[in-house]
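The values are calculated or read from the model by the stated rules, or taken from the named source; none is laboratory data. Note that this is a predicted model, so its numbers are computed, not measured. FYI the Cβ positions are ideal-geometry reconstructions off the backbone, even for glycines, and counts take in every protein chain you see. Just the protein is used for accessible areas: all its heavy atoms, side chains included, with ligands, DNA and RNA removed. Shrake-Rupley method; radii C 1.70, N 1.55, O 1.52, S 1.80 Å.
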Amino acid sequence: MDSVPQDRQTPNDAARTVGVIAVHGVADQERGETCRALARLLIAQSAADGRYGPGEEDELTLRVARLKPGPQLERGAPLPQAPGRGPGRWTERWRQSVGSDFLRRDRVARGEPRPLGEAEGGLSAGAQFTDYLLDKAGQHGMDADTCGTPRIRLQRRRGAATTDVHIHEMYWADLSRLSGKLPNILTELFTLLFRLSTLGRDTVRTGAAGFPHSFAWRALAWLQTTLDWMYSRVLALLFLQLLMVALILVPLALLSPHTPLAHGLASVATGVGVGLWFGYRNRTPVCSTVRGVMAGTLVWLCPPALAVGLLWLAALSLLHDGWMKVCEQRFPMVQAVGRVLWGLSLATVLGAALAWAYEAGLHLDMWTHGALRLLELTLLLIVLWWGAAALLFPLWMLFSVPAARVGRAGDAQRTSARASVATGRLALVVSLGFFLVLSMAGWALLSGGVELAMGLRCYTPAIFRSGAAPVPADIFLAQRLENSTETFALVAVLLFALLAYVLVVVVPSVLAEFGRSARDVTDATDATDATDAGERLGRWLTAGYRRLEAILGVVAFIASVLVFVVGAMLVWYRFCPPPDWMQSFDLVANASREMLQGLVISAATATVAFSAVGRTLSRYAPGLRAPLDVVLDVDNHFREFPLRAIPRARIFTRFVALLRHMAAQGHDRIVIVAHSQGSVIAAEALRYLKERAADAAAKGRQDDVAELWHALAGKLWLVTAGCPLRQLYAARFPLLYDWVLAEHGGRIGPTAADVGVERWINVYATGDYVGRWLWSRPAQAGDAAPALVDEGQSGGHLYDAAADGVPFPATSAETDVCLGVGAHTHYFESHQALVARAVETAIGH
């Protein structure tokens with residue numbers, strides 16, 4: 001396609017209408033913000049010739065019909081359906097807890113291994129995953145919906161001809177936004193913590209599906225799955241039992257001197273609760289009141305210590321089970337394992353409490369004794385967990401080495417294998433490490449209050465004992481805290497080193513947000529300086545990302561050694577007397593104690609501050625939670641819950657509804673302008689529609705998606721800004737995004753034909769830590785990492801800003817445009833002349 005001078009017109013220009021879809025990035029946008037920014041950019045950059053006049057803004061309300069999946073029964077087995085009750089449900093939940101249904105759906109009917117993406121039908125692995133999510137959401141009742149779509153109508157003048165430009169916003173932040181309330185933020189933070197490990201597990205399992213004949217990959221997938229299951233379904237719940245111990249100890253210890261008052265309050269609370277429950281269920285006030293009075297009287301007639309303790313355990317059981325139901329929606333089998341552990345905990349508390357009461361009589365202190373016994377049992381189970389992890393972690397690291405070397409050096413298989421292994425390492429080590437740091441800090445924070453509540457009570461340990469004599473309970477708890485957090489310093493230093501490396505890599509990019517940018521270029525000298533600065537910034541970031549896999553390998557190796565040493569030491573300490581040389585670890589224990597004290601004080605202060613002003617900060621300083629929003633968006637792109645509102649299914653359904661509306665308007669061209677995560681949404685949705693339409697055509701099948709695609713054919717142009725498809729998604733999930741790194745005629749990268757558009761223009765800043773170039777040249781002799789270097793040699797080519805109004809060269813259907821110095825934001829600000837040229841080229845070329 002040749003360049004068209006700006007003053008040339010086509011006969012149909014006067015009748016042209018162009019629809020523009022603006023897709024925002026990180027899901028913390030206000031509705032209409034992106035389309036307004038894009039309209040201001042076009043108007044501001046055409047101020048010299050008045051190409052765009054003032055726009056009119058309104059909002060459309062669209063019906064969002066459920067996007068049905070393709071007939072997947074023709075491509076493989078259907079989505080497994082679990083019965084609502086009985087052992088079959090838990091069998092299915094067990095299977096889902098060790099891997100996504102997506103990874104085994106296409107293998108149920110075949111009964112044989114087969115590389116992912118070779119399922120019958122024409123869909124790639126990524127499109128199959130989208131189809132699977134649509135299927136899953138539909139089977140669990142995702143309903144039709146409506147959405148508001150902001151629209152700005154502009155008129156573009158070129159000589160005597162005019163073109164109507166209608167800018168619509170594809171708004172999806174409400175489907176992926178993080179709540180501003182602190183409890184919701186904390187809940188989502190812990191969800192993301194475990195989801196990170198799950199993403200690593202599924203990436204490794206996907207790699208094993210892509211290399212079905214590799215023993216190293218099968219072993220690595222089993223070890224990654226086992227460690228993820230042990231971590232998220234066992235270790236996490238054992239730490240939850242420690243929290244439940246604190247909830248038993250503190251209230252009952254404080255109520256011990258006031259047993260009669262506690263007994264009376266328990267009787268009244270029971271009567272009121274039972275009455276309200278039956279009143280709500282049966283709506284018979286008289287019968288409900290009678291039942292409430294009977295329940296309260298029964299509690300009053302029971303021995304006070306027994307009644308108060310049992311009622312409190314019952315209340316905690318309801319709280320525990322409710323939380324397990326919430327967790328079960330996100331992580332299958334958590335509820336079953338949690339109920340088993342809590343049942344064991346109740347049996348331990350009851351048995352120890354009744355044994356104490358048999359000797360000393362009924363008193364509330366019987367429950368504190370039972371809780372301390374539960375504490376010992378829980379800590380013993382954690383020691384055994386570390387013993388098992390000490391055996392599995394080194395094996396996991398050992399098998400990851402040959403798995404990363406599958407294929408020949410430099411080929412696509414080796415690249416995919418290395419990237420998948422690196423993702424698995426990153427996910428497991430970072431997720432487990434941060435969980436341990438947060439858990440140790442939480443245990444240290446709780447232990448102070450628990451020790452204070454113990455007062456002058458004594459306790460005779462049964463498991464962690466140094467003699468037969470009773471010891472003060474507060475001293476016993478302090479010893480358990482000290483022994484349980486001795487390795488905190490090692491874990492914290494390892495994570496801090498990894499975090500420090502990432503910060504060193506991205507800090508120059510963050511500083512570039514507030515420094516010199518392409519708009520400051522005023523003459524030839526400035527242009528040269530800006531180009532040099534852009535190249536330096538780009539090369540720095542490229543070098544940092546290039547070494548990330550090696551850094552992750554070192555961190556994973558050190559973590560495996562630490563797990564082995566810590567697990568061996570914990571088991572040795574428990575069952576054998578420690579030798580004298582192990583006293584050298586006292587230095588680590590002392591450092592851990594000092595670091596924990598500082599962390600606890602900081603965490604407590606931050607919690608109080610954010611609890612008081614969290615909503616205000618979230619509203620007026622959203623940048624404080626931007627990193628969490630970014631991680632949440634990526635995670636939501638792969639999430640399979642909540643079942644009736646799977647984020648990707650809802651977002652793609654809304655996007656298709658907007659495309660249907662645009663097609664019905666009869667626009668001559670539809671331009672999609674997307675930033676950051678929005679560019680991933682747009683590219684994947686278009687690719688899914690294209691592949692599904694081609695599959696339907698190949699099989700002669702009627703499909704409403706195919707009809708929509710035929711209506712859009714030949715009209716679509718795509719402009720992306722800060723697109724993370726290559727730098728993030730293809731780098732971390734290579735088998736789902738292999739098309740992004742495919743080679744086409746001496747060029748590596750996706751093609752416009754891959755997503756069904758006529759032309760794809762990608763703009764980026766050299767310091768964009770989320771997404772930069774999409775296309776590069778193949779490997780050549782002498783290149784350090786040629787597949788990671790763009791055609792502009794990392795700094796890219798800074799187009800001549802003085803050539804405003806001239807369309808970009810159209811030597812191919814794909815074009816990378818480097819803006820120079822900058823990072824991930826400000827792409828649509830009014831000074832971005834090159835971005836305006838890219839959009840103007842798509843609209844008017």
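Worth a mention:
- Criterion violated by residue 166 - all others in (1) closer than 24 Å to residue 681 by Cα; (2) open to solvent by less than 30 Å² (accessible area, probe 1.4 Å) satisfied: (2)
- Condition check for residue 466 on (1) touching a helix residue (DSSP H, G or I) at 6+ places or on another chain (Cβ under 7 Å); (2) hydroxyl-bearing (Ser, Thr, Tyr); (3) at pLDDT below 85: one failure, at (1).
- Condition met for residue 373 (assigned to a helix (DSSP H, G or I) and open to solvent by 20 Å² or more (accessible area, probe 1.4 Å)): yes
- Residue check, residue 725 open to solvent by 10 Å² or more (accessible area, probe 1.4 Å), closer than 27 Å to residue 552 by Cβ and touching a helix residue (DSSP H, G or I) at 6+ places or on another chain (Cβ under 6 Å): no
- The residues on offer are 674, 685, and the sole one that is open to solvent by less than 10 Å² (accessible area, probe 1.4 Å) and in contact with a Ser or Thr (Cβ under 7 Å, 6 or more places away or on another chain) is 674.
- Checklist (1) in contact (Cβ under 8 Å) with a residue 24 or more places away in the chain; (2) in a helix (DSSP H, G or I) applied to residue 213, failing item: (2)
- Failed item in (1) of a type outside the set (A, V, I, L, M, F, W, C); (2) in contact (Cβ under 8 Å) with a residue 40 or more places away in the chain; (3) open to solvent by less than 20 Å² (accessible area, probe 1.4 Å); (4) under 23 Å from residue 675 (Cα atoms), with residue 776 passing the rest: (2)
- Within this structure, residue 691 fails the test of being among the charged types (D, E, K, R), surrounded by fewer than 19 Cβ atoms within 10 Å (Cβ to Cβ) and out of contact with any Cys (no Cβ under 9 Å at 6 or more places or on another chain).
- The residue of segment 474-506 that is surrounded by the most Cβ atoms within 10 Å (Cβ to Cβ), among those that are of a type in the set (A, V, I, L, M, F, W, C) and modelled with pLDDT under 80, is 488.
- For segment 220-304, the helices (runs of 4 or more DSSP H) that sit wholly inside it and include 1 or more residues that are touching a His at 6+ places or on another chain (Cβ under 9 Å) and touching a residue at least 40 places away in the same chain (Cβ under 8 Å) are 236-255, 259-282.
- Pairs where the first residue, in segment 826-845, is under 18 Å from residue 162 (Cβ atoms) and the second is open to solvent by 20 Å² or more (accessible area, probe 1.4 Å) and basic (Lys, Arg), C-beta under 9 Å, 6+ apart: 840/51; 842/669; 843/669; 844/16; 844/51; 844/158
- Of all the criteria given as (1) on the phi > 0 side of the Ramachandran plot; (2) open to solvent by less than 10 Å² (accessible area, probe 1.4 Å), the one not satisfied by residue 666 is (2).
- Under the condition of being open to solvent by 50 Å² or more (accessible area, probe 1.4 Å) and assigned to a helix (DSSP H, G or I), the residues counted in segment 452-473 number 1.
- Taking segment 1-35 as the range and being open to solvent by 20 Å² or more (accessible area, probe 1.4 Å) and either in contact with an Asp or Glu (Cβ under 7 Å, 6 or more places away or on another chain) or modelled with pLDDT of 95 or more (or both) as the test, the residues that pass are 16, 17, 26, 28.
- Residue under evaluation residue 788, criteria (1) over 33 Å from the mean Cα position of the chain (by Cα); (2) open to solvent by 10 Å² or more (accessible area, probe 1.4 Å); (3) at pLDDT below 75, criterion not met: (1)
- Number of residues in segment 668-682 that are under 29 Å from the mean Cα position of the chain (by Cα) and of a type in the set (Val, Ile, Thr) equals 4.
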